[in-house]
């Protein structure tokens, strides 16, 4: 993959090719939602071992189970894994040398001796992670809660394609990110920042998402992001002015959702569309 981000990972590992281990009930809801997976033999119960060893995409999901499923180490060529958070610390990760992408959620994870020699993509949705570069030597995309420890470690990487941060409460993070010259995708998905001061110093970003930032009012500095081509603004209801959009010369796509009545006026939206910007 030339670039590693949410989109390229979902394209490389489409969900319909996942094999799923889950302690499910034979209910109508389960049969309906997972009908295709059941018919293709891609869904099995916790203690079954029916999947072929060639499986490359796997989901291990159960809310309350703390024991690993019987098939955990049956897949030496596994590249993509989605796993429930309570199971993360029980796994011997030395069995997953070929892992490319790892997804979990709502976890506080401090890596110690875990080494992921080929992992490019890690997502800890609404969770935190502490690691050293030696744990994730090839990392190119990360999604987690913001922390100073994570930020300081990311600055050691020569190339990062995508960063997704939750709980960003200090605009100093934007100044720090300016040291990552190859950063292409940036998502700030929650927090208490009031402005985007410093964001124009991040020179390579082409895709930016701002979501659930209830204190954000000043985004005028976006006009100085010469490389920005796609902008998503989701549930940011207190942006004070939208005039900056007319100054964004490289903008090709604009998506606005959940911003309430505080949206760009029709004059601004019409001007954008006339200039070739696709507005969603």
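The values are calculated or read from the model by the stated rules, or taken from the named source; none is laboratory data. The model shown is predicted, which means the values in this text are computed figures rather than measured ones. In this analysis, Cβ positions are derived from the backbone assuming ideal geometry, glycine residues included, and neighbour counts consider all displayed protein chains.
A few notes on this one:
- Residue match in region 8-15 (condition: under 25 Å from residue 130 (Cβ atoms) and either at pLDDT 95 or above or not assigned by TED's automatic domain parsing to the domain that holds residue 142 (or both)): yes
- Restricting region 43-74 to residues that are within 17 Å of residue 15 (Cβ to Cβ) and in a loop (DSSP other than H, G, I, E, B) leaves a set whose member that is farthest from the chain's Cα centre (by Cα) is 51.
- Residues of region 250-270 satisfying the condition of being part of a loop (DSSP other than H, G, I, E, B) and surrounded by fewer than 17 Cβ atoms within 10 Å (Cβ to Cβ): 250, 252, 258, 259, 260, 261, 262, 263, 265
- For residue 148, the requirement of being modelled with pLDDT under 95 and within 24 Å of residue 136 (Cα to Cα) is met.
- Residue satisfying condition, being within 18 Å of residue 122 (Cβ to Cβ) and either surrounded by fewer than 19 Cβ atoms within 10 Å (Cβ to Cβ) or not assigned by TED's automatic domain parsing to the domain that holds residue 130 (or both), within set 172, 152: 152
- The residue that is surrounded by the most Cβ atoms within 10 Å (Cβ to Cβ), among those in region 230-249 that are in a loop (DSSP other than H, G, I, E, B) and touching a strand residue (DSSP E or B) at 6+ places or on another chain (Cβ under 7 Å), is 236.
- Among (1) touching a residue at least 24 places away in the same chain (Cβ under 8 Å); (2) within 24 Å of residue 85 (Cβ to Cβ); (3) in contact with a strand residue (DSSP E or B) (Cβ under 8 Å, 6 or more places away or on another chain) - the single one residue 151 does not satisfy: (3)
- Here 122, 100 are screened, and the one residue that is in the same structural domain as residue 73 (by TED's automatic domain parsing), surrounded by 19 or more Cβ atoms within 10 Å (Cβ to Cβ) and in contact with a strand residue (DSSP E or B) (Cβ under 6 Å, 6 or more places away or on another chain) is 122.
- Applying the criterion of being part of a helix (DSSP H, G or I) and under 23 Å from residue 149 (Cβ atoms) to the residues of region 87-111, the residue that is nearest to the chain's Cα centre (by Cα) is 88.
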